[in-house]
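A.B. asks: Dumping the structure here so I can ask a few things about it.
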Amino acid sequence: MSDGKPSGDPTRTPRDLTESELASELAWQGGFLKIRRDRVSLPDGRESFREYVVHPGAAVMIPLLDDGRILVERQYRYPLRRHFVEMPAGKLDPGEAPLVTARRELLEETGYEAAEWALLTVLHPAIGFATEEMHVYLCRGLAHTGQQLDDDEHLDVEAVTLDWLIGELRAGRLTDVKTQIAVFWLDKLFSGAWPWPAFERG
């Protein structure tokens, strides 16, 4: 058992803290999300319960225009009752590969298609209570062909500079987590601190 003190050695073999499922039940089912309640065995042998949201996963797009500006969206997010500036994103349809989702959602939400794509990272934005996994793509070689928004979808698309995004983040106005992480990635890439990823046509 750990005494709670840091070991100071990040290379040591970590303890196995796995929690094992003993039973699982559907606690709630909506049109999009569902919540499960599992009885689990803890590492010390005791039992407890874990409730979590089952999410299909999502793709996040960072669209780069030829002049270096970035496409972002401004939309109203009902759960928090406010407008947000954020990177385009969308949930995976059943059986859909993340890159297929990214291409589809970029066209539907922004009206652009991209010639080149690169996977930057994978995010788990709510590890304490949800299974959601976000695949973050950088895309360029953009061509506008027209938005294809869903009937209940309302958003504005803007082209902004990285400096503007950094300013909004530092001012506390850019609070969407996927967009914050996208800005940190862009800052590293544009500054030369990190190498640009290998892009694939498509």
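Each value in this text was obtained by applying a stated rule to the coordinates, not by laboratory testing. Model, not experiment: these values are computed from the prediction. Positions of Cβ are backbone-derived with ideal geometry, glycine not excepted, and every protein chain shown enters the neighbour counts.
A.B. asks: Within segment 110-202, which GluC sites (Glu not before Pro) sit in a loop by DSSP and count at most 13 neighbouring Cβ atoms inside 10 Å?
C.D. replies: In loop regions of segment 110-202 (DSSP not H, G, I, E or B), the sparsely surrounded GluC sites (Glu not before Pro) are E153.
A.B. asks: Just in segment 74-176: which chymotrypsin sites (Phe, Trp or Tyr not before Pro) are loop by DSSP and have at most 14 other Cβ atoms within 10 Å?
C.D. replies: Here the chymotrypsin sites (Phe, Trp or Tyr not before Pro) that fit, given the DSSP loop and packing criteria, are F129.
A.B. asks: Assigning unit charges at the beta carbon (Lys, Arg +1; Asp, Glu -1) and nothing else, what dipole magnitude in debye, to the nearest 20, does the chain show about its Cα centre?
C.D. replies: Dipole magnitude for the chain comes out near 600 debye.
A.B. asks: Hey, got a sec? Which trypsin sites (Lys or Arg not before Pro) in segment 66-149 land in a DSSP loop and have at most 12 other Cβ atoms within 10 Å?
C.D. replies: The qualifying sites are R81.
A.B. asks: How about K91: which lysines have a C-alpha closer than 24 Å to its C-alpha, ignoring those fewer than 8 places off in the same chain?
C.D. replies: K34, K178
A.B. asks: Treat the count of other C-beta atoms within 10 Å as a stand-in for reagent exposure and order T161, T101 from fewest to most.
C.D. replies: T161, T101
A.B. asks: Amide H to amide H under 5 Å from L33: which residues, 5+ apart in sequence or cross-chain, H placed 1.01 Å off N in plane?
C.D. replies: none
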